[in-house]
1. How long are the semi-axes of the equivalent ellipsoid of region 77-118, taking √(5λ) for every eigenvalue λ of the Cα gyration tensor, in whole Å from largest down?
2. Mind putting a number on the dipole of the chain about its Cα centre? Charges go on the C-beta only, +1 for Lys and Arg and -1 for Asp and Glu, and I need it in Debye to the nearest 20.
3. Please find the FRET efficiency linking D85 to Q118, where r is the Cβ-Cβ separation and R0 is fixed at 22 Å, and quote it to the nearest 0.05.
4. Please report the antiparallel percentage of DSSP beta bridges with both residues in the chain, rounded to the nearest 5.
5. Can you check what the Kirkwood hydrodynamic radius comes to for the chain, Cα pairs only, in Å to one decimal?
6. With a point put 7 Å past each Cα toward its Cβ, work out how far D66 is from D97 in nm, to one decimal.
7. Would you mind getting me the FRET efficiency between Q125 and R105? Use the beta-carbon distance for r and R0 = 41 Å, nearest 0.05.
8. Taking 0.36 nm per intervening residue step and subtracting the Cα-Cα distance, what contour gain separates D24 from E2 on full extension?
Amino acid sequence: MEVKTSGFILYTLEYKKCVAFYRDILELKILYKKEMLTCFDFYGSYLMVEVDDEHIGETASISARDRTCIRLNVDNVKEACKGLDQNNIPYDYAERDWGTIAKFRDPDGNLIGFRSAQEHERDKQTI
């Protein structure tokens, strides 16, 4: 598997405040924006601030929800998942209107995701 770029996703219930913080306080450059996410340049990687749409309206405790995801952009998400299959690592694969992804967990339960590198690069061209 060849990783093209890597990044971190910050899932937040305070989307607008977090975007303002990373843009205005930390002065990160915006690579692109969508309705519920903003992707910043993170010094050679990227930081994606994204609405935690799985917990909107809930009063989930901090420990009850994922707040970050390590993202690895690859040429072909299905191909990258073959290594997960060979090692019996379960994952959720999805083709969405904004991109192809697969989410899985490391042995300690941390969330990791593959995303199509081509779709990520295309999104950067829209800003």
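1. 18, 12, 8
2. Charge dipole, the chain, about its Cα centre: 240 debye, nearest 20.
3. Details: r = 22 Å, r/R0 = 1.00.
Once the sixth-power term is evaluated, E becomes 0.50.
4. Working: 28 of 39 bridges.
Bridges in the chain that DSSP calls antiparallel: roughly 70 percent.
5. Result for the chain, one decimal place: 15.3 Å.
6. So the label points at D66 and D97 sit 2.2 nm apart.
7. Efficiency for this residue pair is about 0.85.
8. Details: separation 22, 0.36 × 22 = 7.92 nm, distance 3.39 nm.
Extra length available between D24 and E2 comes to 4.5 nm.
Laboratory data are not the source of any read-out in this text; all were calculated from the coordinates shown. The shown structure was predicted, so the numbers you read here are calculated from the model rather than taken from an experiment. Neighbour counts are summed over all protein chains in view; Cβ atoms, including those assigned to glycine, are modelled from backbone coordinates with ideal geometry.
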